[in-house]
Amino acid sequence: MKELLYYQDVMLREFDATIVSKGIDEAGHHYVVLSNTAFYPTGGGQPHDTGTLNTIEVIDVEKIDDEIRHYIQGDLSALDGVIHGKLNWPRRFDHMQQHAGQHILTASFVELFDAQTVSFHLGSEQVTIDIAVDALTEQQLAAAEARANDIILENRPIQTAWITEEELVNYNLRKEVAVTGDIRLVMIPDFDYNGCGGTHPTSTGQVSAIKILGTEKMKGNVRVSFVCGQRVLIELAMRKKVLADVARQLSVPEIEAATTLAKVLSAQKNTEKALVATKEELLTYEAKALVANSEGVVTAAFNQRTMQELQKIARIIVTDQADIMTLLVSENEGKLQFVAAKGKNVTKSMKDVAGKALPLINGKGGGSDQMVQGGGECTMSKEELLVALQNA
């Protein structure tokens, strides 16, 4: 492990090596094993490197037992003898920034609040750490972020060392190591000492910056989402674009966008409440008009009325008129819907009405003896369905 190129020189972008073996795994993926490699395999929360071997694309790198497999997108026969490896450097350096940033932010939470990280995930857009606490305040998050960025600005060296288990007592480790034998330490002097097999820049300044994006509860811990380095600029550009768009639509400066949007949403809620109240009044008026023009059974056929509207009209009618039954039908986008309801003095069950009408439209429905609703296909006109309901 010590002799691997990605440990010998973490900044190495290109290298030469010889092919030791070739193979095809159980899933049919082609891979090669090299005499040495600068390609980092997936492990320790850090994704694998990509790049090329000669001109052949490396799409995955995995450590299987004692060999590092370079999975390629191409023909194995095209690779033989000495090959030239070239890393996808922007991807590798991004992973190094995020991984080192995680060490720094994790150590900041430990130093300030004795809050340990229990898991770490380096995603394609954000990084997360799960911290073993019930809650973190905005003040704590701000303090940890500020401390982490101070360490970055100090541009402290990020050092590595291979030690034995017996030598562990000489280092103030942030947490116990889980491996035995040769142990690789990643150290930021006078700040963080941690066993880690990942790749990191050679100084904290190369992490550039850390920005916490948010938190959420996760299985009794607090998950903190953040970005480092170039991802901070990408995140800033995205948020700037969104903010500028919102400000443009509101016709205000960006700094006033939040307060203006709050006013707009408040006004919208008030308008929606007024519209709901007005609609209720109109439905009440409509229900009373239907009763005034009917005797015994109130019927009506509509276009594009929602089931909720049909139900409200029906309730208003039968609540005010104990001796009346109402049958309402609407055709909506190629479907028929109906509501049947009765006043408290009417003995006929509305379930019987629905039971006879639903098969006529290949429909489904449900309800009680007092009110039913259903819908189905336009096998007949809405007027014909209304007649069928009356005759049920």
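The values are calculated or read from the model by the stated rules, or taken from the named source; none is laboratory data. As the structure is a computational prediction, the values presented were derived from the model and not from experiment. Don't worry about glycine lacking a Cβ; one is built from the backbone with ideal geometry, like all the others, and counts go over all protein chains shown.
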### region 53-73, residues that are among the β-branched types (Val, Ile, Thr), under 18 Å from Val20 (Cα atoms) and loosely packed, with under 14 Cβ neighbours inside 10 Å
Ile64
### Query
Mind checking which residues of region 208-232 are of a type in the set (Lys, Arg), in a strand (DSSP E or B) and more than 17 Å from the chain's Cα centre (by Cα)?
Lys211
#### Entry: Failed item, numbered, when Ile316 is tested on (1) in a helix (DSSP H, G or I); (2) touching a strand residue (DSSP E or B) at 6+ places or on another chain (Cβ under 9 Å); (3) buried (at least 19 other Cβ atoms within 10 Å of the Cβ)
(2)
### Residue within region 38-52 that is part of a strand (DSSP E or B), crowded, with 19+ Cβ neighbours inside 10 Å, hydrophobic (A, V, I, L, M, F, W, C) and in contact (Cβ under 8 Å) with a residue 12 or more places away in the chain present
no
### Query
Which one of these is at pLDDT 95 or above and in contact with a strand residue (DSSP E or B) (Cβ under 9 Å, 6 or more places away or on another chain): Ile210, Ile163?
Ile210
### Summary
Listed by first then second residue, the pairs whose first member lies in region 95-122 and is of a type in the set (Asp, Glu), whose partner is buried (at least 22 other Cβ atoms within 10 Å of the Cβ), with beta carbons under 9 Å and at least 6 positions apart or on separate chains, are Glu111/Ala144; Glu111/Asp192
### Task
Identify all residues within region 319-342 that are under 38 Å from the mean Cα position of the chain (by Cα) and surrounded by fewer than 20 Cβ atoms within 10 Å (Cβ to Cβ); write none if there are none.
Asn332, Glu333, Gly334, Lys335
### Query
Which residues, taken from region 286-307, are assigned to a helix (DSSP H, G or I) and surrounded by 11 or more Cβ atoms within 10 Å (Cβ to Cβ)?
Glu286, Ala287, Lys288, Ala289, Leu290, Val291, Met307
